[in-house]
Amino acid sequence: MSQPAKWESLAIQPNVYYTVEEAAQLLRISRQQVLQMLRFGQAQGVKIGRRWRILGAALLNLSAMDTETESRQIADWLAASAPALRAVWDDEEDAAYDKL
C-alpha cells in the first residue's frame, strides 16, 4: 500500500527560488507562517515588487540561521549589559574576590 500524496517526500533544490506558497508546501507549514518568518527575519528571502521569493538554500539553512540569530542576540545582550554588570559586580564590596 502506498503513502498518500500529501506525505510524499518533497525535495528542496538549493539553487531554485520558491514562491511563498511553494515554500509553505515544502516546509509543511501555512502560507501565513512563511510570510511571518520573512517579515521577522527568521527566514531569508527577497521581495520583488509585492511578492516574496525564497532561495532553496535559505530553506535548507533555516535551523542554522535560527542558531546564528540566537547567538547574535546573546552577544548583543552581553555587549549592551557589560557596563551595567561592571557597575554592579566590580565595586569595592567585591574587591576581596578579585584577589582570589
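Nothing in this text is a laboratory measurement; each read-out follows from the coordinates by a stated rule. Values in this document were obtained by computation on a predicted structure and should not be read as measured data. Cβ placement follows ideal geometry from the backbone for every residue including glycine, while neighbour counts extend to all protein chains displayed.
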Using the alpha carbons of region 1-60, what is the convex hull volume per residue in cubic angstrom, as a whole number? 80
Taking H as built 1.01 Å from N, whose amide H comes closer than 5 Å to the amide H of Trp52, not counting residues under 5 places away? Val20
By counting other Cβ atoms within 10 Å of each Cβ, how are Glu70, Glu22, Glu92 ranked from fewest to most? Glu92, Glu70, Glu22
